[in-house]
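To start, the structure itself, in structure tokens.
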């Protein structure tokens with residue numbers, strides 16, 4: 001029977017085992033509860049194309065996190081706008097962007113267009129209307145009219161108090177001359193209003209709200225400035241339907257077109273009929289978010305143009321300023337989507353302007369980046385394009401799993417032959433480590449988008465050896481103590497400090513290598529580094545909370561403490577020498593009595 005003193009040296013192994021059991025069961029329950037029972041597979045295993053874009057610039061300082069993040073957002077919208085679903089775009093390292101495009105949709109077109117510089121244009125607004133609701137589009141000469149329960153698509157035509165830009169699609173803002181001038185009043189509407197839309201048609205397929213009545217919209221369009229050839233396209237466009245949110249920009253930049261925009265504040269999609277390109281986005285020389293500290297108007301975007309852009313912008317704003325709402329607005333169109341549509345109240349000369357409104361700091365910075373860089377903020381080259389068929393990916397996954405299974409079987413067989421009873425402890429530890437690794441990878445796939453690629457599978461296979469190595473270090477320390485004549489329970493406690501130090505140093509080196517490899521590598525190698533680092537951390541958890549406590553408990557059993565030949569701790573088989581009188585290794589008589 002063990003005394004309280006010997007129990008204090010052993011610690012409380014039951015508590016540690018209970019903790020790791022609760023954590024393991026909790027992760028497995030969360031995995032099944034959320035339905036994420038399998039890790040998310042990468043492109044190389046599920047099939048698809050992975051494109052690595054490397055940023056290039058004459059100014060090395062331009063290759064920074066802010067510009068890469070801006071490019072990621074633009075590329076994400078571009079790829080998904082081509083009909084590709086579930087495409088992944090993420091930064092990697094300090095100068096690379098990885099674009100993973102699953103099979104299906106316009107895959108080849110996406111590959112061709114993914115790194116191209118997008119087109120940014122300033123186009124005059126001819127008409128705008130909520131899309132997917134029963135509403136009358138607002139056009140030249142018409143007062144702001146909105147359906148019941150929804151906001152007006154653009155600013156009010158009142159001359160005394162212009163409406164807040166937040167009531168329009170997205171952050172409309174206002175374009176004013178100079179740097180920080182007070183917004184002038186909006187010109188009054190000049191023509192009579194069109195009859196309001198009466199009734200609505202059945203909802204369009206995929207739309208969450210009723211669509212506008214095509215007959216009423218067509219009748220209203222005939223009273224405005226929308227060309228006859230564009231009226232039918234504008235009437236039929238329903239931006240609330242995902243399939244219709246495409247890039248409609250024609251090859252001829254002078255031709256009118258339609259576009260969509262989303263108002264996050266109202267939760268509504270808006271459609272626009274737009275005139276020909278008035279100012280090319282490449283003519284914007286600089287745009288930045290600034291905070292108005294003088295008149296307390298909040299965040300705004302200060303932009304300036306080159307010589308060609310200054311003249312075109314002055315001519316355009318001079319014409320727009322004389323028009324009624326919404327024809328006094330110009331739309332900033334990127335990749336066929338309206339990102340902002342400020343209205344103009346006077347001719348803006350001098351080559352500079354300010355877009356102000358109810359901007360947050362992030363809104364202003366985002367719009368400033370779009371305007372400043374025209375499209376993609378950096379030039380990109382395709383440094384690597386890897387295409388994998390679903391069948392090839394399935395074969396690779398099967399080969400990886402077979403390799404992992406073979407490695408696991410070899411470790412199990414070796415453990416049972418060499419360590420016998422102790423081998424069962426190593427097998428139990430490998431099972432716990434495998435369950436933790438599988439559940440964490442499955443949850444990370446749903447939570448942060450972690451995808452298990454082929455190198456990651458290789459990292460998991462290597463982890464089997466790392467975990468087995470930790471068991472071997474501890475087992476051999478215990479056997480060394482037994483060889484020197486120590487009883488099992490003291491041997492377990494004396495072996496732990498030295499084994500722990502060796503295990504921590506070994507795992508630290510492995511984790512450091514994985515961390516460095518993850519930070520400096522490009523492409524799929526990061527998957528290997530991530531998995532290696534994760535499994536190394538789990539090895540520390542398993543050895544501290546499972547292996548050591550379990551051995552401590554088993555050392556109290558007769559099978560192990562008596563040195564049974566099948567326990568793996570048989571003193572005769574290990575060549576143990578009898579204790580030397582007076583040696584510190586020889587237990588006291590009272591301790592011998594306690595530990596029998």
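The values are calculated or read from the model by the stated rules, or taken from the named source; none is laboratory data. On a predicted model such as this, the values are computed, not experimentally measured, just so you know. Don't worry about glycine lacking a Cβ; one is built from the backbone with ideal geometry, like all the others, and counts go over all protein chains shown.
For the range 435-446, indicate whether the set of residues that are over 20 Å from residue 399 (Cα atoms), surrounded by fewer than 18 Cβ atoms within 10 Å (Cβ to Cβ) and free of Cβ contacts under 8 Å to residues at least 40 places away in the same chain is non-empty.
No, because not a single residue in the range 435-446 is over 20 Å from residue 399 (Cα atoms), surrounded by fewer than 18 Cβ atoms within 10 Å (Cβ to Cβ) and free of Cβ contacts under 8 Å to residues at least 40 places away in the same chain.
Select from the range 350-371 the residues that are touching a helix residue (DSSP H, G or I) at 6+ places or on another chain (Cβ under 9 Å) and in a helix (DSSP H, G or I) and list them in ascending order.
If the condition is that a residue be touching a helix residue (DSSP H, G or I) at 6+ places or on another chain (Cβ under 9 Å) and in a helix (DSSP H, G or I), then 365, 366, 369, 370, 371 are the ones that fit.
Looking only at strands (runs of 3 or more DSSP E) that fall completely inside the range 235-349, which ones have 1 or more residues that are within 27 Å of residue 66 (Cα to Cα)?
257-263, 284-292, 298-305, 330-334, 337-340
Might you let me know whether the range 290-308 holds any residue that is assigned by TED's automatic domain parsing to the domain that holds residue 229, touching a residue at least 40 places away in the same chain (Cβ under 8 Å) and within 24 Å of residue 244 (Cβ to Cβ)?
no
Working carefully through the options 104, 81, 115, find the one that is more than 19 Å from residue 244 (Cα to Cα) and at pLDDT below 80.
Checking each option against the conditions leaves just 115.
Does residue 493 meet the test of being more than 30 Å from residue 54 (Cβ to Cβ), buried (at least 22 other Cβ atoms within 10 Å of the Cβ) and at pLDDT below 90?
No: the conditions fail for residue 493.
Just the residues that are buried (at least 20 other Cβ atoms within 10 Å of the Cβ) and closer than 26 Å to residue 302 by Cα, please, taken from the range 243-282.
Scanning the range 243-282 gives 259, 260, 261, 263, 270, 272, 274, 275, 277, 278, 279, 281.
Can you give me the ranges of the helices (runs of 4 or more DSSP H) entirely in the range 499-583 with at least 1 residues that are under 19 Å from residue 434 (Cβ atoms), out of contact with any strand residue (DSSP E or B) (no Cβ under 9 Å at 6 or more places or on another chain) and modelled with pLDDT of 90 or more?
525-542, 548-554
Scan the range 34-70 for residues that are out of contact with any helix residue (DSSP H, G or I) (no Cβ under 6 Å at 6 or more places or on another chain), over 30 Å from residue 397 (Cα atoms) and in a helix (DSSP H, G or I) and report the count.
Here the count works out to 8.
Does the range 11-33 include one or more residues that are under 30 Å from residue 553 (Cβ atoms) and modelled with pLDDT under 80?
Within the range 11-33 (the criterion being under 30 Å from residue 553 (Cβ atoms) and modelled with pLDDT under 80), the answer is yes, since at least one residue qualifies.
If I go through the range 229-247 residue by residue, how many of them are closer than 13 Å to residue 132 by Cβ and in contact with a strand residue (DSSP E or B) (Cβ under 9 Å, 6 or more places away or on another chain)?
Selection size over the range 229-247: 7.
Checking the condition without any contact (Cβ under 8 Å) to a residue 40 or more places away in the chain and surrounded by 15 or more Cβ atoms within 10 Å (Cβ to Cβ), which residue from 452, 430, 422, 405 passes?
So the residue among 452, 430, 422, 405 that is without any contact (Cβ under 8 Å) to a residue 40 or more places away in the chain and surrounded by 15 or more Cβ atoms within 10 Å (Cβ to Cβ) is 430.
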